[in-house]
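K.L.:
Below is one structure. I have some questions about it.
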Amino acid sequence: MIKNHKKSTSLKQLANCIRFLAIDAVQQANSGHPGMPMGMADIATVLFKDHLKFDPSDPRWIDRDRLIISNGHGSMLLYAALYLTGYKDITLENLKNFRQLGSPTAGHPEYGEFSGIETTTGPLSQGLANSVGFAIAEQILNDKFTINTFNHHTYVFAGDGCLMEGLSHEASSLAGHLGLSKLIVFFDDNSISIDGSISLSASEDTIKRYEAYGWNTLSIDGHNHEEISKAITIAKNNSSPTLIACKTKIGFGSPNKESKSSSHGSPLGEDEIKLTKENLNWPHKNFEIPDELLQSWRSFSDRNNNIKKEWTSNNKQIINSSDFNDYFSATFSKELNLKIQEFKNKHFLDGTNCATRKASELSLEIFTSEIKNLVGGSADLTGSNNTKTKNMMPISKGSFKGSYIYYGIREHGMAGIMNGLALHGGIRPYGGTFLVFTDYCRPSIRLAALMRLPVIYVMTHDSIGLGEDGPTHQPVEHLASLRAIPNLTVIRPADIIETMEAWEYALNSDSPTILVLTRQNLPMLRENNQINIIQNGGFPIIDYKNYDATILATGSEVEIAWDASKKLSEEKINVRVVSLPSWEIFDKKSEEDKKNILGNMPIFAIEAGVINGWEKYVPTENFIGMKSFGASGPYKKLYEHFGITAECLVKLIKKKGK
Ligand SMILES: Cc1ncc(C[n+]2csc(CCOP(=O)(O)OP(=O)(O)O)c2C)c(N)n1
Ligand SMILES: [Mg+2]
């Protein structure tokens, strides 16, 4: 039985503004998800009206509360609320163009389209993981700058889908462990997803689950404004993160589609819209918001005027301080650049022979002591990824003065949380695991790339070179699959200097970078220290005026290419060796620069990975790499077994190159 909602209070009508903007936009686009906005409209209305700290005239105010719509299919709820509350960069016209090509009102919220969109969501649960990063960032900055500067909440809308995804476990478990008390999740407990009732596929007790994580939990009627407001007040005053399970009806108010999965992802249809309008006492035209209701929505943020004023006057000095600048807009200092140069000189002269994961740690020793906002971490492989430097202290529950996060064995969680840390501002995150487990991080890496977040991934044990752990741990297709992600820079350095350069590049980049690092030692092969190979993407480390062929190699295989070239030189065959640590950087160079480096003689390539992608530089038969999964054994034996050796390269070049 559908209840008659006609006895609407004005709060109900304020919520109906969201409902009907969503209904109309989805109907007009003939595509989209009306169910969630209709179901969560009451929660959004109470949150914006009485609780959310926000200022539409200054949407990026650093101490604003963050609102994250993890169930991003309900994007129209966010667009409607931003429009209604008066964010300047969103118009009614935008809502009318929902889901149209070129319109910022994309199917799912896209970071950067509107100033009020905190993160890109759509892949369920990513927003929830981001929110844990937001909440950690707030705590770290709060500890550094005092509560007067950073004191905001992170609110999340999450559906059944978000909480079913495995990622929600990883992120929520860590949030509970760290006691992120300013994290408040509204669980849209409507028991419906696309296939129908949640009972088709789940029967756990979500409240008990979150209690077990150490969260504060509340259960409310998600359509009862008083209960919603009370729950938020309780949540704000709790010392743990809070899950508010809000019993809602998907498609609320639609006589034939309420509480049914049919309202999830299709337009209601003209007839049903008519009935819904009658049912919710909404006599207005499509996209029409009565003045009185719009003015009411527009006044919601007035509540924050004094808070904002006070904050601004209290923080004038801080915001202009060099300390603050170090967190929010730091560039490399002269001293840092000097230290980097000294580092390169020293290791060049010493001829340092070390694993690039170790080289990364040695580089980080400098960066973590000079760059204040670096927050590192690892998914339980700190000692293997070499991500924690001597001066780094871990953060823990109640103590966020440190700069290192023990993420636990939660790779996906780590990657999603790092996105949140980066999105919050004031924090520069990096985190590590084995390269093979980028598969476990991939959905969040992809979103970092889509949003162009400057997250740095420290991915070690980058090939069969890791040896005895065997094929489960040996990446083979990973370089190719990561290089396939747009906006992501993959760097596989060949020595300690390239590793330092890779860090320099990553820390100066405004998009994500993956550092692909070895477990095994690599020698110093370069003959000079003048060229920044990473900045060039690739550069010859052996060259001849007249040469017979070029070998391209990355990371650990540069040594093999070098060996092959030396062997061939004994037979008077001159082979240029190009270290090509980053395709993405190299490919951005001018055609002429690229030609100069690749040369005009036959080109060969060697990499302990699959061929995919190398075809753009070399004919397929000129590539030496992996054609299968790896194997367990000492790494030198594996290189021989898979034919990734100087001898094989020499043979190939002699056969094909001359
Ligand atoms: C990772 C991921 N898997 C699948 C989807 C496709 N999808 C979008 S919404 C949805 C159902 C979500 O159910 P729920 O969170 O309960 O949303 P509601 O229907 O209640 O709005 C699915 C499977 C997705 N967006 N992300
Ligand atoms: Mg649901």
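The values are calculated or read from the model by the stated rules, or taken from the named source; none is laboratory data. What you see is a predicted model; the values in this text were computed from it and never measured. For neighbour counting, all protein chains shown are included, and Cβ atoms are generated from backbone atoms with ideal geometry for every residue, glycine included. The protein model used for the area step is the full one, side chains on, heavy atoms only, and it has no ligands, DNA or RNA in it. Shrake-Rupley method; radii C 1.70, N 1.55, O 1.52, S 1.80 Å.
K.L.:
How large is ³J(HN,Hα) for each residue in the stretch 232-249, as worked out from phi by the Karplus curve 6.51 cos²θ - 1.76 cosθ + 1.60 (θ = phi - 60°), to whole Hz, x for Gly and Pro?
P.N.:
Calculated HN-Hα couplings, in order: 5, 4, 4, 4, 5, 9, 9, 9, 10, x, 10, 9, 9, 7, 9, 5, 10, 10 Hz.
K.L.:
Same structure again: Round to the nearest 10 and give me the degree value, 0 to 90, for the angle of helix 305-319's Cα axis relative to the longest principal axis of the chain.
P.N.:
Value to nearest ten degrees: 20.
K.L.:
List, in order, the whole-Hz ³J(HN,Hα) value for each residue of the stretch 645-653 obtained from phi through the Karplus relation with A = 6.51, B = -1.76, C = 1.60 and θ = phi - 60°; use x for Gly and Pro.
P.N.:
9, 4, 4, 5, 5, 4, 4, 4, 5
K.L.:
Now for a separate question. Sum up the charges of everything whose Cβ sits under 11 Å from the Cβ of GLY35, counting Lys and Arg as +1 and Asp and Glu as -1, but leave GLY35 out.
P.N.:
+2
K.L.:
How much mean residue ellipticity at 222 nm does the chain get from its helices, if each DSSP H run of length 4 or more adds -39500 (n - 2.57) and you divide by all residues, to the nearest 500 deg cm²/dmol?
P.N.:
When only DSSP H runs of four or more count, the value is -12500 deg cm²/dmol.
K.L.:
In the neighborhood of LEU364, defined by Cβ-to-Cβ distances under 13 Å, what is the net charge if each Lys or Arg adds +1 and each Asp or Glu adds -1? Intermediate results must be reported in sequence, preceding the final value.
P.N.:
Working: positive: LYS339, ARG357, LYS358, LYS388, LYS390, ARG428; negative: GLU361, GLU365, GLU370, GLU504.
Net of charged neighbours comes to +2.
K.L.:
Let me ask another. Can you check what the net charge comes to around LYS144, using other residues whose Cβ is under 12 Å from the Cβ of LYS144 (Lys, Arg +1; Asp, Glu -1)?
P.N.:
Taking every other residue near LYS144 into account, the sum is -2.
K.L.:
Would you mind working out the magnitude of the charge dipole of the stretch 169-317 relative to its Cα centre, with +1 at each Lys and Arg C-beta and -1 at each Asp and Glu C-beta, to the nearest 20 Debye?
P.N.:
On the way: 17 positive and 20 negative charges, 130 e Å.
Dipole magnitude for the stretch 169-317 comes out near 620 debye.
K.L.:
Express in whole angstrom the spacing between the alpha-carbon centres of the stretch 169-236 and the stretch 308-326.
P.N.:
Cα centroid to Cα centroid, the span is 35 Å.
K.L.:
Which trypsin sites (Lys or Arg not before Pro) from the stretch 12-76 combine a DSSP loop assignment with at most 15 other Cβ atoms within 10 Å?
P.N.:
Here the trypsin sites (Lys or Arg not before Pro) that fit, given the DSSP loop and packing criteria, are ARG60.
K.L.:
Next up: Considering the stretch 163-215, what Rg and Dmax in Å follow from its alpha-carbon atoms?
P.N.:
12.1, 35
K.L.:
Sorted from largest down, give the three principal axis spans of the alpha carbons of the stretch 509-658, whole angstrom values.
P.N.:
That works out to 40, 39, 29 Å along the principal axes.
K.L.:
Among 283-296, 458-471, how do they line up from the highest to the lowest mean number of other beta-carbon atoms within 10 Å? Please list the in-between numbers first.
P.N.:
Values: 283-296: 13.5, 458-471: 22.6.
By packing density, highest mean first, the sequence is 458-471, 283-296.
K.L.:
On a 0 to 90° scale, report how tilted helix 75-85 is relative to the longest principal axis of the chain, with both axes built from alpha carbons and the result rounded to the nearest 10.
P.N.:
60 degrees
K.L.:
Which of rounded, prolate or oblate describes the stretch 91-198 when judged by the alpha-carbon gyration tensor and an a/c cut-off of 1.5?
P.N.:
Oblate.
K.L.:
Pull out a ≥ b ≥ c, the square roots of the eigenvalues of the alpha-carbon gyration tensor of the stretch 25-163, then state rounded if a/c is under 1.5, prolate if not and a/b is larger than b/c, and oblate in the remaining case.
P.N.:
prolate
K.L.:
One quarter of the convex hull surface, Cα atoms only: what value does that give for the stretch 120-175 in nm²?
P.N.:
4.0 nm²
K.L.:
Give a residue-ordered list of calculated ³J(HN,Hα) values for the stretch 456-469 (Karplus: 6.51 cos²θ - 1.76 cosθ + 1.60, θ = phi - 60°; whole Hz; x for Gly, Pro).
P.N.:
Ordered by residue, 3J(HN,Hα) equals 10, 9, 9, 10, 9, 6, 8, 5, 4, x, 7, x, 4, 4 Hz.
K.L.:
Summarise the accessible area of the stretch 560-605 (1.4 Å probe, protein heavy atoms) by the percent that is carbon and sulfur.
P.N.:
The nonpolar share, carbon plus sulfur, comes to 49 percent.
K.L.:
Determine the share of the stretch 121-175's accessible area contributed by carbon and sulfur atoms, expressed in whole percent, with a 1.4 angstrom probe.
P.N.:
Ligands and nucleic acids excluded, carbon and sulfur reach 50 percent.
K.L.:
If you place +1 on the Cβ of every Lys and Arg and -1 on the Cβ of every Asp and Glu, how big does the dipole about the Cα centre of the chain come out, in debye to the nearest 20?
P.N.:
Working: 69 positive and 74 negative charges, 55 e Å.
It works out to roughly 260 debye.
K.L.:
Sticking with this one: So who's got an amide H within less than 5 Å of the one on GLY432, skipping anything under 5 residues away but keeping other chains? H placed 1.01 Å off N, in plane.
P.N.:
Counting only residues 5 or more places away or on other chains, the set is GLY377, SER378, ALA379, VAL458.
K.L.:
Determine the order of ILE497, ILE194 by accessible area, beginning with the largest, at a probe radius of 1.4 Å.
P.N.:
ILE194, ILE497
K.L.:
On average, how much accessible surface per residue is there in the chain, in Å², for a 1.4 Å probe, leaving out ligands, DNA and RNA?
P.N.:
On the way: 25390 Å² over 658 residues.
So the chain comes to 39 Å² accessible per residue, rounded to a whole number.
K.L.:
What order, most packed first, do the peptides 329-342, 137-150, 225-238 have when packing is the mean number of other Cβ atoms within 10 Å of each residue? Let's see the in-between values first.
P.N.:
Values: 329-342: 13.1, 137-150: 19.2, 225-238: 17.6.
Packing proxy ranking, top to bottom: 137-150, 225-238, 329-342.
K.L.:
Counting residues in the stretch 514-601 as N, plug N into 2.2 N^0.38 Å and put the Cα Rg over that result.
P.N.:
Ratio of Rg to 2.2 N^0.38 Å for the stretch 514-601: 1.07.
K.L.:
In addition: Rounded, prolate or oblate, given the Cα gyration tensor of the chain, with a/c below 1.5 counting as rounded?
P.N.:
It is prolate, given that a/c is not under 1.5 and a/b is the larger ratio.
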